[in-house]
Amino acid sequence: MNTLPEDRTLRVGVLMLPGQVPLDLVGPLQVLHNAQRLVSGISIRYFGPLASLEWLGPLSLAGIEPLPETLEPLDLLVVPGQYRRGIDPHLQPGCVAWLRRHAGSAETLMGICSGSLLMAEAGLLDGRRCTTHHTLLSRLKALAPGAQVQGDCIFIEDGPCLTSAGISTGIDTMLHWLTRRLGHRLALAVAREMVLYLRRSGHEPQLGSWLEGRNHVDERIHQLQDALCAGLKEHWTLEAMAKVAVMSERHLRRRFAAVAGMSPGDYLTRLRLQLARQLMEETPWSMARIAGEVGLGDDRQLRRVWKRFAEGSPQAWRERLTPPA
């Protein structure tokens, strides 16, 4: 797990605007607050055009700093999405102008859901790959005709800009950023603390299957799936799995297939391949190191299981992640 030097602080700013979508704010911030409990040196500031915001029914948000005239360097500036009906037409142009002036003060800009539209209005997405909620893709294209708008992913990173498909994908996007800054072990620890199945990579479709193999209510099978996710490097036998699930091996085989649609062994292999893909995207590690990290032994075994569950080869998949110059 990466750590910050004692004299180093990760500085995060959050742009607080009228009409803010609650989960666009809370999801990413929960990731950061969980990370703060595991490592020190993460500071968060909230600023906007108003000192308080109507937010969720009778609830409101207060303690918001005024938009600073001079913005100190930030590691991350988060732009949550807004409901169109909640946007203040008198304040919005000034906020767009502020973002345009100060975007360069942040190493990374993160647009959550329709936050991508605000970035487009500020002229920050021209020539870049970007995304937003699938219902807003046409608006994003109109606001940023020079951008490469994609609708087949849940988030995209291009240079200093991170844009996401919105709502729950803000969690995945923040975990991705956290991985970049503090390592995948910390990000996975945060994901487990938040009871997330396994964080998604940005290359998964927005409307893809929800948590494959987890759409059931069998608590003992969930207990085993959580254990597998937390211990991918371990040597799992059917006997060990049955002990975790508190059932016989025969019953486990039948029950797991009935509720998850696959065998326990295939489920474990899919988890390992998913983590392998993430490490291929997020690290420069060799295939052999990645295979060992996810519990597949060596790169030969990684290629073998890849051939069974996916098309092409691990190396070819990794090469496609790098956009042409």
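Tally the residues that are surrounded by fewer than 20 Cβ atoms within 10 Å (Cβ to Cβ), assigned to a helix (DSSP H, G or I) and among the small types (G, A, S), restricting the search to the range 128-172. Of the residues in the range 128-172, 2 are surrounded by fewer than 20 Cβ atoms within 10 Å (Cβ to Cβ), assigned to a helix (DSSP H, G or I) and among the small types (G, A, S).
The residues of the range 209-241 that are of a type in the set (V, I, T) and at pLDDT below 85 amount to a single one, V217.
Residues considered: L71, L136. Of these, the only one that is farther than 28 Å from R185 by Cβ and either in contact with a Gly (Cβ under 7 Å, 6 or more places away or on another chain) or without any contact (Cβ under 8 Å) to a residue 40 or more places away in the chain (or both) is L136. Reported count of residues in the range 80-97, each being assigned to a helix (DSSP H, G or I) and without any contact (Cβ under 8 Å) to a residue 40 or more places away in the chain, is 3. Pairs linking a residue in the range 40-58 that is more than 15 Å from L29 (Cα to Cα) to a residue that is polar (S, T, N, Q) and buried (at least 16 other Cβ atoms within 10 Å of the Cβ), with Cβ atoms under 8 Å and 6 or more positions apart or on different chains, are L53/Q20; W55/Q20.
The residues listed here are R181, R129; of these, the one that is within 19 Å of the chain's Cα centre (by Cα) and farther than 26 Å from Q92 by Cα is R181. T108: polar (S, T, N, Q) and more than 15 Å from A165 (Cβ to Cβ), yes or no? Considered against the rule, which asks whether it is polar (S, T, N, Q) and more than 15 Å from A165 (Cβ to Cβ), T108 comes out as yes. If you go through the range 39-67 and keep only what is loosely packed, with under 15 Cβ neighbours inside 10 Å, at pLDDT below 95 and of a type outside the set (G, A, S), you end up with E54, L56, P58, L59.
Being assigned to a loop (DSSP other than H, G, I, E, B), of a type in the set (A, V, I, L, M) and touching a Lys or Arg at 6+ places or on another chain (Cβ under 8 Å) holds for only one residue in L117, L124, L76, and it is L124.
Answer yes or no: is there a residue in the range 273-283 that is assigned to a helix (DSSP H, G or I) and over 23 Å from F155 (Cβ atoms). No, because not a single residue in the range 273-283 is assigned to a helix (DSSP H, G or I) and over 23 Å from F155 (Cβ atoms).
The values are calculated or read from the model by the stated rules, or taken from the named source; none is laboratory data. Just so it is clear, the structure is predicted and the values come from calculations on it, not from any experiment. Reconstructed Cβ throughout: ideal geometry from the backbone, glycine too, with neighbour counts over all protein chains shown.
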